[in-house]
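Report on one structure; see the data block that follows.
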Amino acid sequence: QVQLVESGGGLVQAGGSLRLSCAASGRTISSWTMGWFRQAPGKEREFVVAISGSGGRTFGGRTLYVDSVKGRFTISRDNAKNTVYIQMNSLEPEDTAVYYCAARSTIATILTPRDKYNYWGQGTQVTVSS
């Protein structure tokens, strides 16, 4: 199995920026699809962004963003560090949530918000004040 540990959460003012990290251990995840989800108070878990792994017909790094964060959030990965990042800019109070990193070991033919992920981190809190 793979273990995922998120870090980098905190409290920021609206318009500020934050970068979250997801460090994987136990397995090499360079060929895996990785995603970020979030859960706001009183709401269900929501897909935020995913990035594909290397292999297949591409070099990897294909991404899919939920509309509400497109243009503000950027997902990236550093295979040498076995780590995935999400850079969050222009943060809004509506972005306040616990953010979870997730891993999918199967090769993705196409990225969708409904893809099932096999492994999950414990989450990191992001709070955006007005």
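The values are calculated or read from the model by the stated rules, or taken from the named source; none is laboratory data. Since we're looking at a predicted model, the values are computed, not measured. So basically every Cβ, Gly included, is an ideal-geometry build from the backbone, and we count neighbours across all protein chains shown. Quick note on the areas: whole protein, heavy atoms, side chains included, nothing else; ligands and nucleic acids left out. Shrake-Rupley method; radii C 1.70, N 1.55, O 1.52, S 1.80 Å.
Filtered by the rule that a residue be closer than 17 Å to Ala14 by Cα, open to solvent by less than 50 Å² (accessible area, probe 1.4 Å) and of a type outside the set (Lys, Arg), segment 67-81 gives Val69, Phe73. Set side by side, the residues Val48, Val84 differ, and just one is open to solvent by less than 70 Å² (accessible area, probe 1.4 Å), in a strand (DSSP E or B), in contact with a Cys (Cβ under 6 Å, 6 or more places away or on another chain) and under 23 Å from Val5 (Cβ atoms), which is Val84.
Can you work out which of the residues in segment 102-120 that are open to solvent by less than 60 Å² (accessible area, probe 1.4 Å) and either outside any loop (DSSP other than H, G, I, E, B) or among the aliphatic types (A, V, I, L, M) (or both) is farthest from Arg38 (Cα to Cα)?
Step one: filter segment 102-120 for residues open to solvent by less than 60 Å² (accessible area, probe 1.4 Å), giving 102-105, 108, 111-112, 115, 117, 119.
Checking the rest, the ones that are also either outside any loop (DSSP other than H, G, I, E, B) or among the aliphatic types (A, V, I, L, M) (or both) come to 102-104, 108, 111, 119.
Details: Ala102: 11, Ala103: 14, Arg104: 17, Ala108: 21, Leu111: 17, Tyr119: 15 Å.
It comes out as Ala108.
Hey, can you tell me all the residues within segment 15-45 that are open to solvent by 50 Å² or more (accessible area, probe 1.4 Å), closer than 17 Å to Gly71 by Cα and over 14 Å from the mean Cα position of the chain (by Cα)? Step through it out loud before you land on a result.
At the first step, the residues of segment 15-45 found to be open to solvent by 50 Å² or more (accessible area, probe 1.4 Å) are 15, 17, 19, 25-28, 31, 39, 41-45.
Next, only the ones that are closer than 17 Å to Gly71 by Cα stay: 15, 17, 19.
Selection gives Gly15, Ser17.
Considering segment 60-93, and only residues there that are touching a strand residue (DSSP E or B) at 6+ places or on another chain (Cβ under 8 Å) and of a type in the set (Asp, Glu), the residue that is modelled with the highest pLDDT turns out to be Glu92. Residue under question is Leu64, and the condition is that it be in contact (Cβ under 8 Å) with a residue 40 or more places away in the chain, surrounded by 13 or more Cβ atoms within 10 Å (Cβ to Cβ) and more than 14 Å from the chain's Cα centre (by Cα); does it hold? It is false that Leu64 is in contact (Cβ under 8 Å) with a residue 40 or more places away in the chain, surrounded by 13 or more Cβ atoms within 10 Å (Cβ to Cβ) and more than 14 Å from the chain's Cα centre (by Cα).
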